[in-house]
Amino acid sequence: MFNRLSLKMGALFFVFILIIGGLLYFILYINLANERINEIINNLLARGNTHSDVLEDHFDETTMNHVGLMESASDFVVIITDVKGDILVQSNPLEKEMETVIKRTDYNQIPPEGVVIEDNWKEKQYIATDSPITIDGEHRGHVFMFANSKQVRSILDQLSNHFKFIGFITVGITIITIFILSRFITSPVVKMKRATEQLSIGNNQVELHTERNDELGELAKSIQSLSNDLDRLKNERKEFLASISHELRTPLTYIKGYADIIHRRSLSEQELIEYIEIIREETEQLSKLIKHLFELAKMDQYSFVINRELVTLKTLIASIIDLIQPVIQQKNISVSLQCPYYIKAFVDPHRFQQVILNILDNAVKHSPKGSVITIEVREQREFITITVLDHGEGIPKQDLPFVFDRLYRVDKSRSRKSGGSGLGLAIAREIVESHGGSMRINSKFGEGTDVLIQLPIISKKI
Ligand code: ADP
């Protein structure tokens, strides 16, 4: 239970707030208490001074008695002495501590504004002040004022009771606030923890609230998108595996079928040659598919090595056109290469040859006899763009978003016959992206297709 994040956070907040709050309250209490004590002592002195002022004007028995009578009804004690310290009037019965204080006084050292002669309210029963009576420059007596220390203590008790009350309320509010706050912070964390647990056991459809705009909201969004990605990947993998098994099964069925025919029947030499040719073609198709799949697998594992060098694009593309010259000639297609000599790209020539070959191969396959394929290379400020443009059959709109998907073929049966595996564009795009570039395809069904490669110019300088 103590391992729970909300509890740990709550306890930590509580301790911190308690320490900080306690310290602040303590300082405030000390200041207020000192202020109150000083106020009481100064009031006592001011009261004594007022009496001494009155007595300086009328230093007679009646006035003294009057002062004594007044204070007998108050919480204070007044003692009026003559210049030697003999008591003339006292408002209350004399107590031992008062006598000690009066005797201890140095009568000649008292300044005209009076002094506090006892302020030890903690230990002594009384705090006391002494105000001298000076008439026409002649020192005539003293007004001693006493206040019971209990008064000070009770005022401080009151103050500390207030502080205790406020302290309790503060602690209560702090606990409630921390509870709400820690729940507010930790409950989404707990939900995310549960969601990741679900993800780890393979349940990829988690629902998290992602409305928050803070870091926790960001985290929830990341987990949510991770869950969606995992779900998508799971489905893609399922579909991919189903497609692969289909792709492998088809040529194997042909191979096995024709091998059985050869095995069982006595065939003419012509038939034998024909069937063996089919088996050879299917085997070739199979090994090409496996090679492509292997390449894609390597790309997925990032064990795909790219050996970049500065390549003159015109030379590279011209050599690829040469490579497929027989097919081009067979279809009477003319390929126009528009590429300035100076354009060089920092790419892996072997991999890039594969990219252009795949695209060009598609263009040739899907173009009618006697048509023109244009390859245009341009260098702009930030990119090198390579466009392969054909006037072939084009790609239907509904298929266009999927042509880069693995094993996706527009016309399955025809594509198989022409040796297509549905992996050419997927491989090409992986290679381009691993060079930091991007690849797009635009097409209009019945009009033609252009494939666009963009390579960041930086790839030339790395
Ligand atoms: P494949 O190896 O089967 O050609 P690709 O991944 O290279 O697979 O292409 C995917 C699909 O996109 C192909 O089946 C084809 O129908 C379509 N396609 C690609 N390039 C072109 C093009 N230039 N013209 C028409 N269709 C094309």
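Only the coordinates and a few stated rules stand behind these numbers; no lab work does. These figures come from a predicted structure and were not determined experimentally. Ideal geometry is used to build each Cβ from the backbone, glycine not excepted, and the neighbour counts take in all protein chains shown.
The table for this structure:
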| item | result |
| --- | --- |
| Area projected by the alpha carbon convex hull of segment 182-305, averaged over all directions, nm² | 12.0 |
| Separation of alpha-carbon centers, segment 253-310 and segment 375-398, rounded to whole Å | 31 |
| For peptides 63-71, 127-135, sequence by mean Cβ density within 10 Å, most packed first | 127-135, 63-71 |
| Estimated 222 nm signal from helices in the chain, with DSSP H stretches of n ≥ 4 weighted -39500 (n - 2.57), rounded to 500 | -19500 deg cm²/dmol |
| Segment 201-240: C-alpha gyration tensor shape, a/c 1.5 cut-off, then a/b vs b/c | prolate |
| Estimated inter-spin distance, ALA73 and THR312, nm [label 7 Å along Cα→Cβ] | 12.2 |
| Dipole in debye (nearest 20) - segment 1-126, about Cα centre, beta carbon charges: Lys, Arg +1; Asp, Glu -1 | 1340 |
| Set of aspartates and glutamates near LYS444 by C-alpha distance (under 15 Å), chain-local residues within fewer than 8 positions excluded | ASP390, GLU393, ASP399 |
| Given the chain, longest segment not containing exposed loop chymotrypsin sites (Phe, Trp or Tyr not before Pro) (DSSP; at most 13 other Cβ within 10 Å) | 3-301 |
| 5 angstrom amide H check on ILE133, placed H, neighbours 5+ away | ARG140, GLY141, HIS142, VAL143 |
| Set of aspartates and glutamates near LYS314 by C-alpha distance (under 13 Å), chain-local residues within fewer than 8 positions excluded | ASP322, GLU376, GLU379 |
| Relative packing of peptides 421-428, 246-253, 43-50 - highest average C-beta neighbours within 10 Å first | 421-428, 43-50, 246-253 |
| All-pairs Cα distance distribution in segment 146-187, expressed in whole percent, bin size 5 Å | 6, 20, 13, 13, 11, 9, 8, 7, 5, 4, 2, 1, 0 |
| Cα radius of gyration and Dmax for the chain (Å) | 50.9, 160 |
| nm² value of the averaged projected area, convex hull over the Cα atoms of segment 283-375 | 7.0 |
| Spatial extent of segment 45-192: Rg and Dmax, with the Cα atoms as the point set, Å | 25.5, 90 |
| Over 21 Å (Cα to Cα) - which of LYS288/LYS369; LYS288/LYS365; LYS122/LYS150 fall in this group | LYS288/LYS369 |
